[in-house]
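A short worksheet on the structure shown next.
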Protein chains: 2
Amino acid sequence: MGRNSRKSTIDYAAAAREWAQANKEGRKPTISDVARLAQVSKKTVSRVINHSPLVNAATRKGIQGLIDEIGYQPDPQARGLASRRSFLVGLISDNPTPQYVVSIQLGILDVVRKTGYELVVHPCDRNSNTFIEDARKFVEVQKLYGVILTPSVSEDERLAEVLRDLGCAYIRIASIALDMERRMIVTNDRMGARDAARHLAKLGHRRIALIAGRRSFRSSHERRAGFEEGLAEFGITMPKEYILQGDYTFESGLALGSAILDIDPPPTAVFASNDEMAAGVLQALHVAGQTPPDALSIVGFDDFETATRVWPRLTTIRTPARRIGRLAAERLLDVNGGEEGSSGENQTTPRLIERDSTRRAD
Amino acid sequence: MGRNSRKSTIDYAAAAREWAQANKEGRKPTISDVARLAQVSKKTVSRVINHSPLVNAATRKGIQGLIDEIGYQPDPQARGLASRRSFLVGLISDNPTPQYVVSIQLGILDVVRKTGYELVVHPCDRNSNTFIEDARKFVEVQKLYGVILTPSVSEDERLAEVLRDLGCAYIRIASIALDMERRMIVTNDRMGARDAARHLAKLGHRRIALIAGRRSFRSSHERRAGFEEGLAEFGITMPKEYILQGDYTFESGLALGSAILDIDPPPTAVFASNDEMAAGVLQALHVAGQTPPDALSIVGFDDFETATRVWPRLTTIRTPARRIGRLAAERLLDVNGGEEGSSGENQTTPRLIERDSTRRAD
DNA sequence: GTTACTATTGACACCGGTGACAATATAATT
DNA sequence: AATTATATTGTCACCGGTGTCAATAGTAAC
C-alpha cells in the first residue's frame with residue numbers, strides 16, 4: 001500500500017458510464033478505449049489483461065473493473081500478431097473410432113473453454129505422404145499455442161520432431177511413455193489387458209484366444225503383451241492358432257469371430273483388443289446361431305458406447321477418454337500453473353467393467 | 001496483352017534463388033519479402049493472394065510463381081486484423097449423438113480443408129442461460145467467417161438473430177426450412193419417417209407403436225408426423241397408448257422398450273425415432289428373453305454405427321451426416337462460387353436401409 | 001494533339017495489440 | 001541530502017497484412 005495515489009484517483013465507474021454514453025453506436029471497445037478511460041497507457045492495460053505482476057494492485061483492480069464493466073475483450077488476432085503466437089489449440093488425430101475422438105474432444109474442451117483458448121480439429125491420414133508437411137503447415141500458419149496428439153499419430157516420431165523444431169508445445173496421448181514426461185499422457189493399456197486376462201482366468205477359462213488390434217497402433221502391442229502377462233500368471237499360454245490379427249474395426253471382429261468358431265479345439269473365451277472388434281465377434285456368434293456367452297466369453301477394451309449397446313453387454317476395460325482429454329489439455333495449458341505436485345497426473349489406469357459377455361467356464 | 005512490360009521484366013526465378021541464398025536462417029517470408037523480391041508494392045502482392053482481378057495477368061503469374069517457389073504463406077492473423085475477419089469456421093452443436101457430430105465434422109472438414117479455412121468446434125448447452133451470450137462472444141471475439149449449426153441449436157431463433165445481428169454468415173442444418181434458403185440445409189426427416197411407416201405397413205403390420213424423440217428437437221416432431229402420414233396412407237392410426245415419449249437416448253429406448261411389452265394388445269412393430277432408442281428397445285427385448293424381430297419388428301432412424309453393431313442389425317432410415325456436413329460447408333464457403341445451379345443442393349433425402357430387425361407380421 | 005477513360009500499381013495510415021527499453025516515483029541506504 | 005534500489009508506468013516502433021485513395025500508363029474518343 002501507500003503508493004497508489006500518485007495522481008488524483010480515477011473514478012472508474014464514472015468512466016464506464018461515460019463510455020456507455022458516448023458509444024451509442026455499439027462499437028466494441030479496444031485497448032485504446034480502455035486506456036483512455038482509465039487514463040493510463042495502453043501498455044498498462046495490456047499488463048492487466050496478461051496478468052503481469054508489474055502492476056499496482058489498486059490500478060489493476062480499477063482497470064479490471066472498467067474492463068468488466070464495458071465488456072472489453074482483447075482481440076486474439078492482434079494479440080497473436082504482436083506476440084507471435086495464437087490462442088488456438090490443435091487436436092491432431094487419426095483414430096478410426098469416432099467415439100474416442102469425440103470424448104477426447106469433449107475432455108479437451110472442458111479445460112480449454114475456461115481458459116479462453118479455442119480448439120481446432122485436424123484429423124489426418126498418417127499414410128498420406130504429405131501428412132507431415134500438412135501438419136507442419138497447420139501449426140506453423142496458425143501459430144498454434146500447442147497441439148494434442150492421439151494414437152496413432154501420437155506415436156509418430158517424425159511428427160514429434162517437427163513440432164519440437166517449430167517450438168510448438170505438444171502432448172502425446174499413448175499407451176506407453178514415448179517422450180519426456182511433461183509431454184505424455186499415458187494410458188496404461190498393458191495393465192488393463194492384464195486385468196482382462198486375470199478376469200477370464202479366474203472364471204476358469206484356459207483355452208483363451210486373442211484378437212489383436214491394428215499393428216500400426218502401439219496400443220495393440222501393449223494390449224497383447226499385457227494380456228499374455230496376465231495369462232502367464234495363471235500358467236496359461238495361447239497357442240499360435242488362438243492369436244488372430246485384427247485391425248480394430250468392427251468388420252475385422254466380425255470376420256475373425258466367425259473364424260474362431262472353426263478352430264479346433266475351440267477356445268472358451270476371447271479377448272478382443274477393442275470394443276468394436278468385440279462387437280464384431282458377438283455378431284458373428286449371433287449369425288452362427290449361438291447365444292453368447294454360452295460357448296464363448298468375450299472381453300473387449302475401451303468401454304465406449306458400443307459396449308453397452310450390444311447384447312449381451314460387453315465386459316470390457318474402461319478407457320476414460322474424456323478424462324484423458326482433460327488431462328492432456330490441463331498439461332498443455334499448464335493449468336495448475338506449475339504448482340508442484342498439485343495435480344500433475346499423466347497416467348490413467350483403465351479398469352475392468354464386468355458385464356454380461358463373460359461367464360464361468362464349464 | 002500488350003501492356004505488360006512497363007518496366008524491364010523481372011526474373012522471378014532468380015529472385016527465388018536469391019531468397020533461398022539470403023535466408024539461411026530459415027525465416028518465414030512475409031508479404032514484404034515477396035514484394036521486395038518481385039519489385040512491386042506489398043499491395044500488389046496482397047492483390048495476388050486475394051485473387052483480385054485488378055492485377056495484370058503477367059504480373060500475377062510471376063508473383064504467384066515466386067510465392068510458390070519460396071513458400072510464402074500469408075499470416076491469417078495479420079490478414080484478419082487488417083480486414084476485420086478471420087479464416088475460421090465454427091461448428092456450434094449440442095447434439096447428444098457423438099457419431100452424428102463426428103460425421104458432420106468430417107463432412108465440413110472435407111470442404112474446409114481445401115479452402116484454407118480451419119474448423120473450430122464449439123459444443124454448447126442450449127439450456128444454459130449464458131448459452132446465447134457465450135455463442136455471441138465466440139463468434140464476435142474470434143471474428144468467425146461463419147458458423148454451422150446442427151440440431152437442436154440450429155432451431156434456436158434467438159441464436160440466429162444474434163448471428164444476423166453480428167453479420168456472421170451461418171448455415172442451419174435442420175429437418176425443416178426455418179430460414180432463408182441459402183442459410184439452410186434441410187434433411188427431409190418427414191419423408192424418411194414416411195418410408196419407415198410404409199415399410200412396416202407393407203410387411204403387414206397393423207398394430208404399430210412409435211417412440212418419439214426429444215421434444216426440444218424439431219426432428220422429433222417431423223419424424224412423428226411423417227410416420228403418421230405414412231401409416232395413414234394404409235389406413236392405420238396409432239392409439240394413444242402406442243405413442244411413447246422418448247428423448248433420443250439409449251436409456252429412454254431401453255425403458256420404453258420394456259414398457260412396450262406390457263401394452264395390451266401388444267404392437268407387432270415399433271418405430272423408434274433414432275437408432276439409439278431402437279437399440280434400447282432391442283436390448284429390452286433381449287433382457288425379456290425375446291428374440292427380435294420375432295414378436296416385435298423395429299425400425300430406427302439415422303443409420304449411425306450403432307445400427308449395424310446390434311443384433312439383429314437395425315432396419316433404419318439413413319441420414320447421410322457426412323454429406324450434410326459437406327453441403328453445409330460448401331454453402332457457407334460458397335464453393336461453386338455462385339455459379340447458378342451448379343451444385344446448390346440444400347436438401348438431403350434420407351432413405352430406407354433394410355436389415356434384420358423387421359419381418360413380416362404373422 | 002488534347003481529353004477522357006480504363007487498367008494497373010503504389011503510398012501510407014491503420015487494424016489492436018505487445019516487446020524493448022526509458023522514465024518516473026517512492027523507499028531504502030549511506 | 002545525495003545515492004541507489006525497487007515499483008510502477010509510459011513511449012514508440014513494429015507484428016504482417018489491408019483499405020482508401022492517389023498516381024501512372026496506356027487507349028479510345030473528340
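The numbers here are math on the coordinates, done by the rules we state, and not lab data. Everything numeric in this text was worked out from a predicted model, so none of it was measured. Positions of Cβ are generated from backbone atoms using ideal geometry, with glycine treated the same way; all protein chains shown enter the neighbour counts.
Just a few scattered comments:
- Eigen-decomposition of the gyration tensor built on the alpha-carbon atoms of the stretch B:234-362 gives equivalent ellipsoid semi-axes of 35, 15, 13 angstrom, largest listed first.
- Converting phi to 3J(HN,Hα) with the Karplus coefficients 6.51, -1.76 and 1.60 and the offset θ = phi - 60°, the stretch B:120-137 yields 10, 8, 8, x, 8, 10, 5, 8, 4, 7, 9, 3, 5, 4, 4, 4, 4, 4 Hz in sequence order, with x at every glycine or proline.
- Less than 5 angstrom separates the built amide H of A:Leu352 from those of A:Arg318, all sequence-distant by 5 or more or on a different chain.
- Karplus-derived 3J(HN,Hα), 6.51/-1.76/1.60, for each residue of the stretch B:149-158, Hz, glycine and proline x: 10, 9, x, 9, 4, 5, 9, 8, 6, 4
- Relative contact order (percent, whole number), chain A, Cα cutoff 8 Å, 6+ residue spacing: 15 percent
- Cα-based convex hull volume of the stretch B:67-127 per residue, rounded to whole Å³: 96 Å³
- Label-to-label distances for B:Ala82 across copies, nearest first, come out at 1.9 nm, using points 7 Å from Cα in the beta-carbon direction.
- Kirkwood radius for the protein assembly as shown, taken over all pairs of different Cα atoms as the inverse mean of 1/r, rounds to 28.8 Å.
- Residues considered: A:Val281, A:Val310, A:Val40. Largest GNM mean-square fluctuation over chain A, using C-alpha springs under 10 Å, is found at A:Val40.
- Distance between the stretch A:238-284 and the stretch B:223-283 - C-alpha centres, whole angstrom: 35 Å
- Relative to the dominant Cα principal axis of chain A, helix A:189-202 is inclined by about 30°.
- Average beta carbon contacts from partner chains per residue of A:95-104, 10 Å cutoff: 3
- Cβ-to-Cβ counts within 10 Å put B:Thr348, A:Thr316 in ascending order as B:Thr348, A:Thr316, the fewest first.
- For the residues of A:113-123, the average number of beta carbons from a partner chain within 10 Å of their own beta carbon is 4.
- Peptide B:128-140 - average C-beta neighbours from other chains (10 Å radius): 1
- Residue (of B:Ser273, A:Ser93, B:Leu163) at the positive-pole extreme of the protein assembly as shown, dipole from beta-carbon charges: B:Leu163
- Shape of chain B, Cα gyration tensor, a/c cut at 1.5: prolate
- In this structure, the amide hydrogen of B:Met184, modeled 1.01 Å from its nitrogen in the peptide plane, lies closer than 5 angstrom to those of B:Arg172, counting only residues at least 5 positions away or on a different chain.
- Stokes-Einstein D (µm²/s) once Rh is taken as the Kirkwood radius of the stretch B:158-229 over alpha-carbon pairs, at 10 °C in 1.306 mPa s: 114 µm²/s
- In this Cβ point-charge picture (+1 for Lys and Arg, -1 for Asp and Glu), chain B has a dipole of about 1780 debye about its Cα centre.
- At an R0 of 51 angstrom, the distance between the Cβ atoms of B:Gln347 and B:Ser32 translates into a FRET efficiency of 0.60.
- The radius of gyration of the Cα set in the stretch A:233-273, together with its Dmax, comes out at 10.9, 32 angstrom.
- Simple spin-label estimate for B:Glu157 and A:Asp362 gives 6.6 nm between the two label positions (7 Å along the Cα-to-Cβ direction from each Cα).
- Near B:Val112, once Lys and Arg are set to +1 and Asp and Glu to -1 for all other residues with Cβ below 14 Å from its Cβ, the sum equals 0.
- Comparing A:Thr319, A:Thr115, A:Thr59 in a Gaussian network model of chain A (Cα springs below 10 Å), the most mobile by mean-square fluctuation is A:Thr59.
- Using a 7 Å Cα-to-Cβ projection, B:Thr130 label spacings across copies, nm, ascending: 4.1
- Cross-link partners for B:Lys240 among the lysines, with Cα-Cα distance under 25 Å and sequence neighbours closer than 8 places in the same chain left out: B:Lys202.
- Relative contact order computed over the stretch A:71-179 (Cα-Cα under 8 Å; 6+ residues apart), in percent: 31 percent
- Neighbourhood net charge (13 Å Cβ-Cβ; Lys/Arg +1, Asp/Glu -1) for A:Arg214: -1
- Furthest towards positive pole of dipole, A:Ala201, A:Ile148, A:Gly107, structure part the stretch A:94-207, Cβ charges: A:Ala201
- Using θ = phi - 60° in the Karplus curve 6.51 cos²θ - 1.76 cosθ + 1.60, the 3J(HN,Hα) couplings for the stretch B:15-21 round to 4, 4, 4, 4, 4, 4, 4 Hz; x is entered for Gly and Pro.
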